[in-house]
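*Asks:* What follows is a structure written as structure tokens; I'll ask about it next.
The values are calculated or read from the model by the stated rules, or taken from the named source; none is laboratory data. Note that the coordinates shown come from a computational prediction; the quantities given were computed from them, not determined experimentally. Neighbour counts run over all protein chains shown; Cβ positions are idealised from the backbone, glycine included. Accessible surface areas use protein heavy atoms only, side chains included; no ligands, DNA or RNA. Shrake-Rupley method; radii C 1.70, N 1.55, O 1.52, S 1.80 Å.
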Amino acid sequence: MLRIYRSPAEFFETQKSFATDHQQLRQQVVDIITRVRREGDRALLQLTENIDGIRLETLRVARETIAASVKSLQPEIRKTFTCAIDNVRRFHEKQRPNSWIETLSDGSRLGMQFSPIQTVGVYVPGGRAAYPSTVIMTVVPAQIAAVERIALASPPTHEGRINPIVLAVAGLLGINEIYAIGGAQAIAALAYGTESIV
């Protein structure tokens with residue numbers, strides 16, 4: 001959006017206001033991260049209620065719920081997502097670096113060893129829209145890299161559930177560690193862990 005300022009003073013006042021808003025937002029995020037690190041699950045449940053207006057009984061989505069979301073996919077939609085997963089997998093397979101070792105004539109060995117990290121936390125935005133493509137574009141590369149554990153977090157709807165399409169795509173990819181949390185608190189939980197998110 002184009003905005004025309006009447007004077008340099010108006011421009012600088014707007015920028016000053018933006019900087020103040022940014023500092024306030026940054027401090028709010030720092031406070032959320034600190035709370036999650038200190039209080040764990042209790043902070044996640046309280047923040048979800050206070051910020052999102054959703055009271056959750058549990059953070060982790062049951063395997064049965066994930067399986068039901070996969071089962072509820074219409075065949076054509078399932079086929080579309082399966083095709084997208086295959087395409088993304090094929091693309092990222094070509095990017096995977098290969099480890100190698102070479103023995104030189106004097107007997108010394110040199111090479112490169114690529115090892116995956118153990119755990120990846122995937123954040124899938126939610127709220128007004130569903131982003132199954134984010135599930136595919138983040139989970140598939142982690143799987144190709146042979147990451148052992150992939151945990152996914154996505155904000156719950158007002159009914160306290162993650163969007164069923166997001167759950168279904170995660171289920172198609174074999175992801176069963178899914179948490180119904182969003183925002184900075186979800187990122188903090190994935191980064192630092194809580195009682196439920198280890």
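*Asks:* Quick check on my filter: what residues within region 59-82 are open to solvent by 70 Å² or more (accessible area, probe 1.4 Å) and either acidic (D, E) or under 17 Å from H158 (Cβ atoms) (or both)?
*Replies:* Scanning region 59-82 gives E64, E76.
*Asks:* Residues R90, R96: which one is open to solvent by 60 Å² or more (accessible area, probe 1.4 Å) and modelled with pLDDT under 90?
*Replies:* Answer to the selection: R96.
*Asks:* Only one of these conditions is not met by E93: (1) over 27 Å from G182 (Cβ atoms); (2) in contact with a Leu (Cβ under 7 Å, 6 or more places away or on another chain). Which number is it?
*Replies:* Exception for E93: condition (2).
*Asks:* Tell me the strands (runs of 3 or more DSSP E) entirely within region 91-141 that contain at least 3 residues that are within 25 Å of S196 (Cα to Cα).
*Replies:* 119-123
*Asks:* Pairs needed: first member in region 68-90, within 14 Å of V135 (Cβ to Cβ); second member anywhere, open to solvent by 90 Å² or more (accessible area, probe 1.4 Å) and modelled with pLDDT of 95 or more; C-beta distance under 9 Å; at least 6 residues apart or different chains.
*Replies:* V70/R78; V88/M137
*Asks:* Any residue that is over 15 Å from the mean Cα position of the chain (by Cα) and at positive phi - is there at least one of those in region 176-195?
*Replies:* Checked region 176-195: no residue is over 15 Å from the mean Cα position of the chain (by Cα) and at positive phi.
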